[in-house]
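Report on one structure; see the data block that follows.
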Amino acid sequence: MPEYRKILLLKVPYCAHPDTLADDENFRTKSTFRPVPSLALASLYAFVEKYKTFTYELKALDVNLEAYQEPGLPVDPAAYPELLERAIRENDYDVLALSAMFVFNVRWVEDAVRHCRRYHPAAKIIIGGGYPTLFPERSLARHAIDDAVLGEGEATFLHILNRYNQHRDQAFEEMFPFDGYASKDASGRVMVHNGRKHFIDLALLPLPAWQALDIERYFTMSGERVMPIQGSRGCPYTCTYCSTYVAWGRRIRYKPVQNVIAEIEDLNRRYGNPTLYFSDDNLSFSKPWIMEFLQTLLAKGLTMDATVSNFSVKHLDEEIIALLKQAGVREFGIAVESGSPAMQKKIRKNINFDKVRQVIQIMKKHDLHCHACWMVGFPNETLDQIRMTFDLAKELRAHSNQFLSVLPYPGTDLFEEARAGNLLIFDDEDLDKFDYRKSEYLRSDQWTYPQLQEMIYDANIQTNFLNCPSLETPSGRDHLLEFLETLLRRLPDHVVAHVVVGHIYKRKGDGLQSGQHFQRAHELLRKPSLRETFQKYLAWNYPAINDYNEYFQTVGVE
């Protein structure tokens, strides 16, 4: 019997495949891709190394990081096909374990499987991540893949490896029951064992094996030092647009406080205090846990340089926010989603807007950066309800905002509602369309997508650039300037960004830099596509626009 000892853990690109990108991409929907190291690979590697009782030889490769070419610049997705093929061709393995984060990564999975069957035809292929978790039958029936890990993957993955080698580990099997997987029988028929009943006790997870990835190369090539970290898994809420419960379950589970602190100390020791990005769905759900974590961290004399996303305002108060700031958190992400009370109820978000106002004011009082997330274009949402979302965002004046058109993601109640109502624009089997960076998903007799895109971009320009509260203080302007100059390395044709940078330099008394950015904005407007996108904003009455127009009056140019 062949042995399957050499394991290649490989994360396929989680950006859009070049074959799916439109040639005439609208500047309003243009995005940049800047990946961070894969916590999934580091966790999987560490778990297998800790609990294996068979001589597996592991190698981990995050293809996403391989495409960085110059610090500060975005990744070009066109580089990935060659990088992916080279990784699969040049490595030696008996098992290729693919991590596919999103369902729209299906094209990358097709490429990876094709290359593996060409260069390593005898290898087993396992797939895990969001794609197989939501589409287990499809992921095995349509690709030459042997097994799929569904949802939380560490223990299931090791079970499958042991099964390949007919290796029994009774102690492991008793500690981690085998469920949440799909496989093929001898005839090729797909068998799904998806009734996951056993979620891992997070106290049993080892520290992520970051040494398995080339983190220093990522730091050098990207120009960033951002590392992901996770303190909990799961979320008890039932928001209709969310699918994370499929992987993590409805019950929130926390790592022991000492384990999270040990993880922070390990990252600091290895990489010299990198910026930490907490990827939890709801880190502050348990006030006793987060208070113990923060108080223990501070008692040890530790602080972080950290950002935290996905906070629910339901579980934030001044005590928690003040401690988070003291511990080094400098940016908070809160998900409000809709400014319409009716839509809040319909999507089961049920946020109290007065609590949102209170939380944002507390963050501002503590000089913390608040980032708010919004969605518009829900099934059967009216234009008046959409305007309520933009109006609330403008009222709240968070330091930054993200506006997205609603994506009815597979595995969510929202998706089922859209499919049942025949509202999906494309076939629900056309998986590469389910990309949250794209925009056209649903039919509506209330609005069109070009109309929605323009409303979203208008709100983006107003709240993130021209009327950003960061413009009101010297420290805020410094923070915004750093952000905008980074943005212009990634999107050098952003006219309004140049205008706001010019305005900030004028406030600093640097006329040379200010004039250069105003001139650059003026030159860019000669391009018809950019003029069509940005011209109207130059008639808006904001200090940055007034400075821009006054500059050209001074130099005698209309």
Tell me which GluC sites (Glu not before Pro) from the range 24-91 have a DSSP coil assignment and no more than 16 other beta carbons within 10 Å of their own.
25
Ranking 488, 505, 529 by how far each Cα lies towards the positive end of the charge dipole of the range 487-555 (+1 on Lys and Arg Cβ, -1 on Asp and Glu Cβ), the top one is 488
Compute the whole-percent fraction of alpha carbon pairs in the chain spaced more than 41 Å apart.
25
With +1 at each Lys and Arg Cβ and -1 at each Asp and Glu Cβ, the charge dipole magnitude of the chain around its Cα centre, to the nearest 20 debye, comes out at 660
From Cα pairs below 8 angstrom and at least 6 apart in sequence, can you work out the relative contact order of the chain, rounded to a whole percent?
11
Taking only Cα atoms of the range 314-377, radius of gyration then Dmax in Å
12.7, 38
If I fit a long axis through the Cα atoms of helix 154-164 and take the longest principal axis of the Cα atoms of the chain, what angle between them do I get, 0 to 90°, rounded to 10?
40
Per the C-alpha gyration tensor (a ≥ b ≥ c, the square roots of its eigenvalues), the range 1-143 is rounded if a/c is under 1.5, else prolate if a/b beats b/c, else oblate; here it's prolate
Which shape class applies to the range 225-466: rounded if a/c is under 1.5, otherwise prolate when a/b exceeds b/c and oblate if not, where a ≥ b ≥ c are the square roots of the Cα gyration tensor eigenvalues?
prolate
Please tell me which of these pairs span more than 24 angstrom C-alpha to C-alpha: 287/355; 345/365; 314/394; 255/365?
345/365; 255/365
Relative contact order (%) - the range 6-198, alpha-carbon pairs under 8 angstrom, separation at least six
21
Of 536, 325, how do they rank once you tally other Cβ atoms within 10 Å and put the fewest first?
536, 325
Taking only the Cα atoms of the range 1-76, how large is their convex hull per residue, in Å³?
133
Three-way shape label, the range 296-425, alpha-carbon gyration tensor, a/c 1.5:
prolate
Charges at C-beta only: +1 for Lys and Arg, -1 for Asp and Glu. How large is the resulting dipole of the range 277-411 about its Cα centre, in Debye rounded to 20?
180
Enumerate by residue number the trypsin sites (Lys or Arg not before Pro) in the range 200-252 meeting two conditions: DSSP loop (anything except H, G, I, E, B), and at most 13 other Cβ atoms within 10 Å of the site's Cβ.
250, 251
Counting only DSSP beta bridges with both partners in the chain, the antiparallel fraction in percent, to the nearest 5, comes to 20
Would you work out which of 208, 143, 304 lies farthest towards the positive end of the dipole of the chain? Charges go on Cβ: Lys and Arg +1, Asp and Glu -1.
304
Using Cβ counts within 10 Å as a stand-in for footprinting exposure, how do 359, 555 rank, fewest first?
555, 359
Projecting the Cα atoms of 342, 378, 279 onto the charge dipole of the range 259-413, where Lys and Arg contribute +1 and Asp and Glu -1 at Cβ, the residue farthest towards the positive end is 342
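All of the numbers you see were taken from the coordinates with simple rules; none came from a lab. Treat the numbers as computed from the prediction; the structure is a model and nothing was measured. Positions of Cβ are backbone-derived with ideal geometry, glycine not excepted, and every protein chain shown enters the neighbour counts.
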